Structures are given as C-alpha cells and as structure tokens.
Amino acid sequence: MMPCHIDLTRQHYSSFSMDPSFKGRAQPYIAAIKALSVVSLFGFLGVGFYYYGTHLYIEKFVLPTPDMLEYDTRRILRAATYREQLAENPRSAYTFLQMALDQIIENGQLGPTSLVVQDINYRMAYAAFKQGEIDKAKELTEICLRALKQPADYDSKVDDKMRLEIFKQQQSIQVNLLAYELGMTGGVYNNGQESIAEVLPAIEKLEDMVSLWSKLDGNGIRDPMPYIPVWSKDKLLLEKTRAMIIFSRETLKSGNIADSDALLTLAWKVSQQNQPQNAEKSWLKNIFDTATYIEKEKRCNDALILAELSVTKLLQKSADTALKLAEKGYEISTERVSESADVNTDYRGEAQCLACTPLLLFTMGNIFELEPRGEQKALLYYKRALRWTYRGDYISGVPKARQLVSGHSIESRIEKLTKASDR
C-alpha cells in the first residue's frame with residue numbers, strides 16, 4: 001500500500017484571513033458595494049427623471065402654469081395638477097392649491113379677482129366637493145359666484161376680448177353647475193330650475209365660440225391664457241352631460257317623470273359621443289393611471305345617468321329595463337371603488353362613486369321586491385346599499401346634494417321586509 005503524501009504547498013488560503021488590514025477585511029464585499037452603488041445611482045437618476053419629467057410633461061401637455069407667478073408657486077400648482085388629473089387625489093390637490101393661493105395673495109403676485117385666482121378658487125371648490133367637504137365647497141363656490149359679478153383683473157397680460165369672453169363663459173357654466181349640485185339654490189345664488197335650464201343654451205353658445213377660436217388657433221394665433229385652457233370638445237360634452245343630469249333631476253322633483261326620462265336618455269346619447277382623444281398624446285399615461293381625467297369624469301357621468309334612468313324606468317313600470325340599466329350602472333360605478341375594497345387603503349376621495357352606487361343597489365332591491373317571493377333577494381340588495389351609504393359617511397361624508405338615496409330610506413325598507421318575514 002502506497003503511503004499518502006499531502007503537498008501542503010498547494011493549499012489555498014483566504015487573503016482575507018491572511019491580511020488583517022481594513023482593505024483585506026473588506027475585500028469580499030467590494031463587488032457587492034459596487035453593485036449597490038450602481039443600483040443607487042440609477043435609482044436616484046430614475047427618481048430625478050420622474051420628478052422633472054412629470055413637471056415638464058404637465059407644463060407642456062397638461063396645464064401650463066402662469067408665467068407671471070414666482071417659480072415656487074408654479075411648482076406647487078404643477079403638483080396640484082398632478083393630483084387632479086394624473087394621480088387623482090382631491091384632498092392632496094386641495095392642499096397644494098391652497099398653498100399656491102396663499103403665496104399668490106401674500107406676495108402680492110395677483111389680485112383676488114384676477115383670472116388665475118378665480119380659476120384656482122373653482123379648482124379648490126371642486127376638489128372639496130369631490131372629497132365630500134360640503135361646507136368648504138359651498139364657501140369657495142360662493143366666492144366664485146361673487147367674483148363673476150365683479151369686473152375682473154385681467155392680469156395685465158390679456159387683451160384679447162374673445163379669449164376673455166370664453167373664460168367668463170366657461171367659468172360661469174362650471175361654477176353655476178357646481179353651485180347647483182351643492183344645493184346652493186335661492187337667495188344670493190339665484191339658482192333654481194330655470195337657471196339650470198339656461199346653462200344648456202350657454203354651453204351651445206360656448207361651443208360656437210370655441211369652434212371659432214379653434215380656427216384662429218389653427219392659423220397660428222398665440223393663446224394669451226394657456227394656463228386657463230379653452231375647453232376641448234371632450235370637456236364641452238362632459239359639461240353638457242353634467243348639466244342635463246342636474247336638469248333632469250330637478251324635472252323629476254317636480255313630478256314630470258316622462259321629461260326627466262327624456263333628458264336622461266338624451267344625456268346618455270351625448271355622453272356616448274364623448275370619446276376622449278387625450279390618451280393618444282399621454283406618453284406618460286401608463287406611469288400614472290389607466291385612464292385620463294376626462295375618461296374618469298365621463299364614467300362617473302355614465303354611472304349617474306344609468307342610476308337615475310333606472311329610477312325613471314321603474315316609475316314608468318318598465319322593471320326589466322330598469323334592472324338592466326341598474327346592473328350596467330353598478331358595473332361602471334364599482335370599477336374604481338369596488339364593494340370589497342378596504343376604505344382605509346383603497347379609497348381615493350371619490351365621494352361621487354359612493355353616491356350613485358347605493359341608489360343602483362336600492363333600485364335593484366325595489367325591482368326584486370316587486371317580484372313574487374323576491375323579498376329575501378330584495379333584502380340582500382338593501383343591506384348592500386346600506387353598507388355603501390355607511391362607507392361614504394365613514395370615509396368623508398358624501399355631499400348631501402349627491403346622496404341620491406338616504407340611509408334612512410334604506411333602513412326603513414329593510415325594517416319593513418324584516419318584520420314581514422318574521423310574521
């Protein structure tokens with residue numbers, strides 16, 4: 001048997017164990033440190049690109065900021081626009097708009113009746129409305145209404161009479177619609193059913209003005225107010241639909257079911273003409289959200305139309321049609337705030353989604369209650385409708401003007417069916 005010889009000279013020893021210096025001890029980690037440094041660098045560059053790229057995108061393609069304002073104020077306004085239109089969060093948008101307005105007033109950049117300030121006040125009112133802050137929305141809308149009656153400070157930059165007229169017409173339409181939705185009727189506001197009816201011809205007049213302006217703009221006429229854009233066709237159709245919904249609601253309150261139904265049917269047709277084109281230009285669209293701002297507002301209008309149209313059809317004894325409309329409306333209204341969503345994490349300030357969904361479920365409950373032995377199914381839908389109503393109250397309080405069915409009405413129906421089933 002041959003003896004075993006071990007060649008100790010061929011043994012390999014770790015340089016780490018042989019070199020007690022700092023460099024020797026750090027040797028095994030050098031590669032990892034280099035890799036981490038590269039990753040951190042790219043991460044830093046990525047965050048920087050996203051931040052500056054977003055601000056550039058908003059300035060060039062979404063909503064330019066007024067060049068007469070200070071740099072920091074413009075930066076804050078871009079942050080507000082981001083949270084209004086790209087990553088929707090009404091609460092944060094309101095906060096940024098308030099910060100910008102405070103700076104404008106405190107630094108004396110513009111007067112309280114300037115076009116920019118009027119526009120910011122409306123945006124704040126609408127953001128407050130969307131998150132359910134009804135009192136704050138009313139307060140700001142009152143400021144907007146009063147500003148419309150005063151001579152405007154034209155920021156010493158705008159001398160185009162047609163462009164100013166377009167701004168005043170747009171501001172009047174959107175402020176009056178919001179005032180009506182907030183229930184600000186009578187008295188100083190003078191917003192009754194008659195005034196809301198006048199909004200529709202006002203929108204048609206604005207359409208003619210915008211059409212003429214578009215021709216001038218196409219001939220290279222520079223817009224003196226790019227920071228308060230002329231409404232696109234999509235936006236015009238959106239506001240026309242919104243006016244029809246409000247007008248039909250008031251018509252139904254007066255007991256005219258057929259006219260309300262006809263207005264809602266027309267509103268649906270107008271809404272379906274609205275196929276937003278903005279998505280084609282939104283090269284950062286996928287980074288932010290799956291739908292543009294106009295698309296989201298359109299879906300909200302569609303859900304509201306179907307919710308209220310299902311009611312008029314049921315009142316006209318067309319239960320089958322009413323059920324189909326309510327089911328379609330429920331499908332749309334829960335696209336963004338699902339029934340299983342956690343209100344603490346998934347809710348994004350969309351009080352409107354929590355306004356029409358209870359009505360849709362309540363209407364379906366009404367329909368099933370009319371069916372033979374449909375009480376238990378109706379009870380199930382009433383309870384679901386009540387849960388949605390409570391969700392709205394728990395989160396932020398859905399604006400009373402948009403509570404299309406009250407929790408008390410639903411509770412009464414549940415109590416009635418429960419007592420009947422216990423007999």
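For segment 105-123, check the following and say yes or no: at least one residue is of a type in the set (A, V, I, L, M, F, W, C) and within 20 Å of the chain's Cα centre (by Cα).
Kept after step one, since they are of a type in the set (A, V, I, L, M, F, W, C), are these residues of segment 105-123: 105, 110, 115-117, 120.
After this cut, where a residue has to be within 20 Å of the chain's Cα centre (by Cα) as well, the list is 120.
For segment 105-123, residues of a type in the set (A, V, I, L, M, F, W, C) and within 20 Å of the chain's Cα centre (by Cα): present.
Within segment 353-423, which helices (runs of 4 or more DSSP H) (wholly inside it) include 1 or more residues that are at pLDDT below 80 and buried (at least 19 other Cβ atoms within 10 Å of the Cβ)?
Correct list: 353-370, 375-395.
Going by what's in this entry, would D302 be described as modelled with pLDDT of 85 or more, of a type in the set (D, E) and either in contact with a Ser or Thr (Cβ under 9 Å, 6 or more places away or on another chain) or in the same structural domain as Q131 (by TED's automatic domain parsing) (or both)?
So D302 passes the test.
Which numbered condition trips up T345, out of (1) more than 19 Å from A128 (Cα to Cα); (2) modelled with pLDDT under 85; (3) β-branched (V, I, T); (4) part of a helix (DSSP H, G or I)?
Tallying (1) more than 19 Å from A128 (Cα to Cα); (2) modelled with pLDDT under 85; (3) β-branched (V, I, T); (4) part of a helix (DSSP H, G or I), T345 fails exactly one: (4).
What are the residue pairs meeting all of these: first residue in segment 128-140, first residue over 16 Å from S92 (Cβ atoms), second residue modelled with pLDDT under 85 and of a type in the set (D, E, K, R), Cβ atoms under 8 Å, and 6 or more apart or on different chains?
I134/K400
The values are calculated or read from the model by the stated rules, or taken from the named source; none is laboratory data. Since we're looking at a predicted model, the values are computed, not measured. When we count neighbours, we look across all protein chains shown, and the Cβ atoms used for this are built from the backbone with ideal geometry, even at glycine.
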